[in-house]
1. For an R0 of 30 angstrom, estimate the FRET efficiency from the Cβ-Cβ distance between T201 and F64 and round to the nearest 0.05.
2. Taking 7 Å along the Cα-to-C-beta vector as the label spot, tell me the N420-A325 distance in nanometres, rounded to one decimal.
3. Modelled label-to-label distance, R152 and N101, 7 Å Cα→beta-carbon offset: nm?
4. Would you mind putting 311-324, 170-183, 119-132 in packing order, based on average other-beta-carbon counts within 10 Å, highest first?
5. Which three numbers, in whole Å and largest first, are the semi-axes of the equivalent ellipsoid of the stretch 28-177 derived from its Cα gyration tensor as √(5λ)?
6. Could you compute the FRET efficiency for T450 and N115, with r as their C-beta to C-beta distance and R0 at 25 Å, rounded to 0.05?
7. What distance in nm separates the simple spin-label points at T44 and D231, each placed 7 Å from Cα in the Cβ direction?
8. Just give me a number: lysine pairs in the chain, eight or more positions apart or cross-chain, with C-alpha atoms less than 29 Å apart.
Amino acid sequence: MDLRSRNGGSSRLRPRTVLLALAAGAALLAPTALVVPAANAAATTLGAAAAQSGRYFGAATSSFMFSNSQHTTILNREFNSIVAENEMKWDATEPQQNVFNFTGADRLVAHARANGMSVRGHALVWHAQQPGWAQNLSGTALRNAMINHINRVAGHFRGQIHSWDVVNEAFADGGGGGRRDSNLQRTGNDWIEVAFRTARTADPNAKLCYNDYNTDGINAKSTGIYNMVRDFKARGVPIDCVGFQSHLGTTLSSDYQANLQRFADLGVDVQITELDVAQGSSQASIYERVTRACLAVARCNGITVWGVRDNDSWRRGENPLLFDANGNKKAAYNSVLNALNSVSGPTNPPPTTTPPPPGGAGCSASVSLNTWNGGFVATVRVTAGNAAIRGWTVRITLPGGTAVTGTWNAQAGGSTGTVNFGNVSYNGQVGAGGSTEFGFQGTGAAPSGTPTCTAT
């Protein structure tokens, strides 16, 4: 949770609510296919309306909030993407050096999976909400700790996150457009580049984003970030997207859309990542304008609001969200839904598409690949036929000399030749026409044949 005044003042931390100590199952495989309604049907929820143009509409939440029935009912009904408000940050995931805790984050991601949502990862590296042990490090020790943290956290969720905020809020406010002074910055000006390169290796299929606030128009800070992204793209540093937090007051910069577009023109996706708007006569209008700006930029993947109800917000006194404290839809909700429904057809392809299910109670499998010289990552989608299945096995034949080196969300029966991948306890049951995903990494040439799927 990025806690600051709406005008971008210094961060302030709200007392952290004690997380429920519940063990989680496995996490969601991202990205989730978006179900697109018929072009002539107005969708009745935010997620479904956003999916009409291939986008997501998400919300920030915490796993302990799942016990609040009103909050969770709205979350599950309205949104097709979620982000952890705090439970994926450094202090939550690595409270002691090399001692990792994914309980809350795993529970959140498992909830997303069970409800057909994709997940944004927030945030791998940030100058704030570092555990005390990291705050006390500097130089090479801190740099190595950062690299290890990215590898362990992004590796834990490998193949399961739609977009990672790899680096959060590394640029300073004010007129200079330069970097923020922090313990991370003092390890060397290349630390952001190192973080992105590390994240790409740790999770090759996730979109890798830089995320910041007070970048809602063309100003010195957003231009400093723009110049960094342009440099990264020119030098092949793996950056896929830029997040615009959009913690807004009672006005919106007139060049908000133009700012999104100039970043998109660099060849990166853009995302509205932490949207909230101070309550007032302009709240509904600003929400609508932000939504329409995203819809107008083909590379704008989607919008995330920073909370569900006003009483869930870190800006609680400003009532900045789409639902009031009683769970009622506000005028701002209607303005967003109407804007999303104004798009008649896809302007941005969904993250993945699901192949037509086979007939009967069988299953089919399709593979997408991310390859490099000497290795690959395969993401396999298993789709049920017109009847639910209770288990599945996918058979894939690997080329000679190829070996499986790691598997997630499946059990691999072998590592070379013809390999049978079977479901694990939490993803064997797939509803009629539904799908689930697993992944594996290998060395050598990527498989090229069509996999076979057998329902059990």
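1. 0.40
2. 5.8 nm
3. 1.3 nm
4. 119-132, 311-324, 170-183
5. Rounded to whole Å, the semi-axes are 32, 18, 14.
6. The formula returns an efficiency of 0.25 here.
7. 5.2 nm
8. Close lysine pairs found across the chain: 6.
The values are calculated or read from the model by the stated rules, or taken from the named source; none is laboratory data. Because the structure is predicted, anything quoted here is derived from the model rather than measured. When we count neighbours, we look across all protein chains shown, and the Cβ atoms used for this are built from the backbone with ideal geometry, even at glycine. For accessibility, only protein heavy atoms count, side chains too; no ligands or nucleic acids. Shrake-Rupley method; radii C 1.70, N 1.55, O 1.52, S 1.80 Å.
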